[in-house]
Structures are given as structure tokens and as C-alpha cells.
Amino acid sequence: MHPVRKGYEVHLEPELPPLDRPALDAGSGPETLPAPAPQQFASSQRENGADAQASAPGVFTPPQRPSSYAGMWKASVGSASCRIQLSSVPSLDLYKASVQACSNNALKTVNGWSIRDNQVILFSRGQVVARLSGAEAALSGRLNDSEAALTMTR
């Protein structure tokens, strides 16, 4: 004797035609929908909160990740340079950063960073110090207080 399970209902899905064949009668049968294009899939990922960047059709651009930018950087403002360590360790809503031998007043107090709108943003005590754009090996931008050019290279 087989035990009888109580409280379970079984719902069957209606039978649909195979995807590779069109419906026999388009007016009375279920409608066959085309598969979404890769661009539609990428945009739906962004809408659902996925960390995907916009890219040309058919081109996959990997999302920017803190680990891609973590490490030691040489920061240059004019002829002065120093070292900035970007960490992938979170600190509240930012990632930790530290500086070594920076003579520039804005850079010597950098203690956090983030990635927003395809930019690496440096912070000092919660205030934006600089916004940088570029690849994972070379970034360039401007200091907020003086508009001086800032470059960061590995």
C-alpha cells in the first residue's frame, strides 16, 4: 500500500506548440513570441538591478568591479606624484583607500573610493575629492577643489 499525500494540488500547464514551428492557426492558438535580442536581455538586467554596462549590440562589456581597481596606483598632479592604495574592503557605502607621500592637500586626506556612473570617485571624509575615468590600468580626471588634472597609473 502506498501512502497518500494530502494537501497537494497538481496544476498542469497548457500544452504549447514547439518553439521552432509556428502555431497552426495564428487566430485561435497560442501566440508564439520571438526570443529576446541580447540587447533586450542586457537592458532587462540593468532594470532588475544587475551591474551591467551599456555596450554596443553584440559586444559584451564586463561590469566594473572594485577588485579590478584595487591595488597600488601612482597618482600625479602636475609634476608632483604620490601613491594611492585602493582596497576592495568595504567601509559603509565606500571602499577603503590610503595614501603615501602625497603633498597635494586634497589627495593627502583621501580615505575612500567608489565606482559610480563609469567613474572612479575618490573621497576624503565623505566629500568628493576627484572623479576619474579610463581603463583599469590608467585613469584620468580632475580634482574637485582646483580643477587640476589628476592621472593615476599602475
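What follows is calculated from the coordinates using simple rules that are stated; it is not laboratory data. All values reported here derive from a predicted model rather than from experimental measurement. Cβ: placed from backbone, ideal geometry, glycine included. Neighbour counts: every protein chain shown.
Calculate the spin-label point distance for residue 108 paired with residue 136, positioning each point 7 Å from the Cα along the beta-carbon direction, and give it in nanometres.
3.4 nm
In a shell of Cβ-Cβ distance under 15 Å around residue 136, excluding residue 136 itself, what net charge do Lys and Arg (+1) and Asp and Glu (-1) give? Could you put the intermediate results ahead of the total?
Numbers: positive: 65, 74, 154; negative: none.
Neighbour charge sum, excluding residue 136 itself: +3.
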